[in-house]
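Below is one structure, written out as structure tokens; the observations come after it.
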Amino acid sequence: MIRVLWFAFKLAVLVAVAYWLAERPGEVSIDWLGYRIETSVGILLAAVVLLVGISALVYRAWRFLRRSPRNIGQSYQASRRKRGYKALTQGMVAVAAGEADEAARHARRADNLLDEPPLTMLLSAQTAQLNGDEAAAKRYFTAMLANPETRFLGLRGLLTQALREGDEPQALDYVRQAHAMRPRTPWVLTSLFDLSERCGDLAAAERALESAAKAKVLPAPEAGRKRAVIAMERAQEAARAGDHAAAVAHARTANKLAPDLVPAAALLAEQMIATGQDRKAAKVLERAWSAAPHPDLAALYLTTLKSDDGLERLKRLGQLTAKRPDDAESHLALARAALEARLWGEARRHIKDAAGPDGLDGTPGESVCRLMAELEERESGDSAAARSWLGRAAGAPRDPAWVCTNCGAVSAQWSARCGACESFDSIAWQPPPRVVPALTAGGDDVTAEIQGELEALPTSPQAAPVTTP
Ligand SMILES: [Zn+2]
């Protein structure tokens, strides 16, 4: 509007100037191509001014017309991009909301409107996944590898797919490529550790852990614990391969990083005992006992004694348990040794102390009940009392075992990964849950075992079934 007014104003000024010039006095005569023009000086000047003014206006109009197709094209493109980005955003929202059809519609629209494959390819891949079309998603992710800008995103998509398909070696390959591109990205480091460990490349897993700890991706205590577990796995591997030196080195690392990791201390002591280093092994076991008392440690400790004398063995165990004298495991170990040495009173005292503050009148655990049965049988041949204790053992709180804290599965041996749910470092020495997953040795086995022991006991005359001829 202002431009139109401005134009009208300029035209008015032009006409006014031309009129003023036309009114000026004086005559002019022009001979040109056989024509003769006679006029006043004012009219001629007015005609010249008008001609110049009109030429300028015509030039501007021509310039505007010449530019307009480009202007129209540019505004058309801008509008397309705007609509394309809107479709892209709506598509992302639909993916987040899990609306597959909606996402597919917006993905197609964005793809048509935007000439930017890096942006639309990810949406297309996610939409294909939402529609359950993993093959199409894989095609999109693979196509993304060709562009440096989208390569990392493509690798992440392919990694997720490989993990879902359970193809761990392939997943490890993708995560290694991603690591080469961005070595400090948290999910890359944790996935690299996890997959390297799963695929058995323990050295690579250890390196990934170190990088993760350095990049502060993992808190220091967690990284330390994981390193201990990996070192323990490497020690087990070396021990199986008969590489004594490597087994000792790795077990020592694991023992140092996690003094309460009983299997590491046990493996280290075992390797030392095998090469005659009994004193060193005993020191390792004593330290481990003060961190986490465990029956395996007591058994190994006794092998360093190289004697079958019951009294000597009891005395030796006293040295091991000295740092945790009130722990139930200490009392149980001493009770077993006292029974071996036929020191009934000593055995009874330790069994009672192992039962906890309420003693034998409370709810003593499985081991306490079994030891009491053994004591009654061996000290006085009281089969009835022994049977009663074995009966109590069947219903008593269960003894600690290697239990997966994630799924509750019980295993005979410690391992870095749970055999049932494959969780890493989830196996702990603790009482098993009452309901144990069917896959593993469960409560029924324990009850059956006690049933077998009950049947093996001599039947007392009172309890004998009356048979009539
Ligand atoms: Zn588990």
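The values are calculated or read from the model by the stated rules, or taken from the named source; none is laboratory data. From a predicted model like this one, the values you see are computed outputs, not experimental measurements. Cβ: placed from backbone, ideal geometry, glycine included. Neighbour counts: every protein chain shown.
Each residue in region 317-337 was checked for being crowded, with 19+ Cβ neighbours inside 10 Å and either β-branched (Val, Ile, Thr) or more than 19 Å from Asp399 (Cβ to Cβ) (or both), and 2 pass.
At least 2 residues that are modelled with pLDDT of 95 or more in each: list the helices (runs of 4 or more DSSP H) lying fully within region 362-457 that qualify. Spell out how you get there, then give the answer.
Details: elements: 366-380, 383-395, 443-456.
Helices (runs of 4 or more DSSP H) meeting the threshold: 366-380, 383-395.
Filtered by the rule that a residue be outside any helix (DSSP H, G or I) and within 18 Å of Lys280 (Cβ to Cβ), region 298-312 gives Thr304, Leu305, Lys306. Scanning region 420-435 for residues that are within 10 Å of the ligand (Cβ to nearest atom) and buried (at least 20 other Cβ atoms within 10 Å of the Cβ) yields one hit, Ile427. Is it the case that some residue within region 387-401 is within 16 Å of the ligand (Cβ to nearest atom) and within 17 Å of Asp296 (Cβ to Cβ)? For region 387-401, residues within 16 Å of the ligand (Cβ to nearest atom) and within 17 Å of Asp296 (Cβ to Cβ): present. Would a scan of region 412-419 turn up a residue that is buried (at least 17 other Cβ atoms within 10 Å of the Cβ), over 39 Å from the mean Cα position of the chain (by Cα) and not hydrophobic (A, V, I, L, M, F, W, C)? No. Within region 351-361, the set of residues being farther than 19 Å from Ala341 by Cβ, assigned to a helix (DSSP H, G or I) and not hydrophobic (A, V, I, L, M, F, W, C) comprises Gly359, Asp361. Mind listing just one residue for me: the one in region 124-158 that is outside any helix (DSSP H, G or I) and of a type outside the set (A, V, I, L, M, F, W, C) and, of those, surrounded by the most Cβ atoms within 10 Å (Cβ to Cβ)? Of everything passing the filter in region 124-158, Thr150 is surrounded by the most Cβ atoms within 10 Å (Cβ to Cβ).
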